[in-house]
Amino acid sequence: MKANQVNIKQAITEGETSLGIEFGSTRIKAVLIDSSFETIASGSYEWENRLEDGFWTYNLVDIITGLQTAYSEMKNDVERNYGITIRKIGSIGFSAMMHGYMAFDNTGELLVPFRTWRNSTTGAAAKELTDQFQFNIPERWSIAHLYQAILNEEKHLPRIDYITTLAGYIHWLLTGNKAIGVGDASGMFPIDESTQNYNESMLKQFDELISNKGYPWSIKDILPEVYISGEQAGELTEIGAKILDQSKNLQPGIPVCPPEGDAGTGMVATNSVRKRTGNISVGTSVFAMIVLEKKLSKVYPEIDLVTTPNGSPVGMVHANNCSSDLNAWLGLFREFFEAMGQKVEMNKLFEVVLNKALEADSDGGGLLSYGYFSGENITGLEKGRPLFVRSPESRFDLANFMRTHLFAAFAALKIGMDILTKEENIDIDSILAHGGLFKTPLVGQKIVAAAMNTPVSVMATAGEGGAWGMAILASYMMNKDQQESLEDFLDKKVFEEDAGQEIYPDQLDVEGFEAFIERYKKGLMIEQAAVDHLI
């Protein structure tokens, strides 16, 4: 057996490990790491949300089955590779999709099916609370779900004893503690940075708002207790150990860190928790999270205000559309190859075609694209129609075509980010980008650097994901030095040898994107016309 395997085997036997389990929208993943933050084993469970009675939900059976399956696969991975049955783990943490609504009575019964972040049924509540608090309350936040239920006069409301998120529920189930990490809490109710807890004046405002309803609870009493990263938020109970490990080998008493949201674990996994840093996550949708060093001057519906797992304020810009239209065009190119009797490997096709964008005119040659498969909140479009437009004077070639579609993928995000950088003068030292687009070296980084006018890095660890980030938070709780901040722990211990590949913005690219974005804004009425007239 190799020396490294001997060390890992010893770490597993002695419980010198940390486990992170994250409930994503399509997969539940468990990742076990050693004291060097390397992944030892992992397991997963695929699942899908369902539309039931008008709400997107996951049922409790799937939640528990997914938890147990992901853990079991991870445990089997350890037994297969190291010949050891896991009995001890140094620390555990649970994370999940943020926001949503899980309401329980005093017996622990779930009062209505879990309402996920995906539900857009809370528009009236979100708007009223935003006006009331003078603080942006997005539709997916837990308090918006609760207040919408109040507006709808739902019958379960007088029975509420506790509301929480999915991560908070799993933590409660396995530890008996009604706890939540501050990052996840910031997607339930606004957080006051000075106290790193729920905003007291807004708690009072909410109670006054519903005082005529006569409910036997106040909002503060039914929210989970807020914890900061590094604090212990409970330990695995005897019942919790039996739920998690159906083989009954796992011992209770394991320290458990505060449960967190997937945004927080993404920040940890990309070393983006220090002020003036940020990360961009690219996929079907795209969002940027910038850790702020000062308050914004006013309320912006385009900017969600959440926090890092250690309580620093974060400005979040979320655009609904990113890579879908680009992927559709690449699929068309593949069809052309196949029609010509050629076989093409998609990674190679992406690499060749995306690199053409580097040969293009800086502004994309006067071409215009909207990759709106769905509506886009940042630009005020309720629905989407993918659209490509050019004039007779446009320079229509493959290079400009590809550059235009890459610009379009980040255009809505740039409009939101410009609020932070140009209107609020927020300084950003660096941004870490992650997502499939960055598998092709250089191109995506250059485009994002041009959009943000900020250096952009891609790290080798960026693909490790949120479950790994949650395991890091669990490790931080047990292995930090006294008074060591999360930022320093990540910089000096976790990411010391992975600074990432950094690209600085090219001035021609920056000027080209600025020209494109002005064209993009002027053309939004064309997209609106397509929505209005193209069924």
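The values are calculated or read from the model by the stated rules, or taken from the named source; none is laboratory data. These figures come from a predicted structure and were not determined experimentally. Here the Cβ is made from the backbone with ideal geometry for all residues, glycine too, and neighbour counts use every protein chain on show. Protein only, heavy atoms only, side chains kept; ligands, DNA and RNA dropped before computing areas. Shrake-Rupley method; radii C 1.70, N 1.55, O 1.52, S 1.80 Å.
Here is how the numbers come out for the structure above:
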item: Alpha-carbon spread of the range 454-506, three principal axes, descending order, Å; result: 42, 23, 17
item: Per-pair calculated FRET efficiency, R0 = 22 Å: residue 525 and residue 398 via Cβ, rounded to 0.05; result: 0.20
item: CD proxy at 222 nm, helix term only [per DSSP H run n ≥ 4: -39500 (n - 2.57); per residue of the chain; nearest 500]; result: -11500 deg cm²/dmol
item: Length gained when the stretch residue 76-residue 249 is fully extended (0.36 nm per residue, less Cα-Cα span); result: 61.0 nm
item: Highest to lowest packing among 294-306, 263-275, scored as the average C-beta count within 10 Å; result: 263-275, 294-306
item: Per-peptide average of other Cβ atoms within 10 Å, ordering 525-533, 177-185, 225-233 highest first; result: 177-185, 225-233, 525-533
item: Theoretical FRET efficiency, 1/(1+(r/R0)^6), r = Cβ-Cβ of residue 439 and residue 339, R0 22 Å, to 0.05; result: 0.25
item: Exceeding the 27 Å Cα-Cα cut-off - candidates 220/414; 446/493; 298/521; 242/492; 275/492; result: 220/414; 446/493; 242/492
item: Stretch gain in nm, segment residue 46-residue 532, where the contour uses 0.36 nm per residue and the Cα spacing is subtracted; result: 171.2 nm
item: Protection proxy ranking, peptides 502-514, 246-258, average beta carbon neighbours within 10 Å, highest first; result: 246-258, 502-514
item: Hypothetical label at residue 349: residues of the range 387-410 whose amide nitrogen lies under 19 Å (7 Å Cα-Cβ projection); result: 398-406
item: Percent antiparallel among DSSP beta bridges (both partners in the chain, rounded to 5); result: 70
item: Accessible area of residue 495 in the full protein assembly, 1.4 Å probe (Å², nearest 10); result: 10
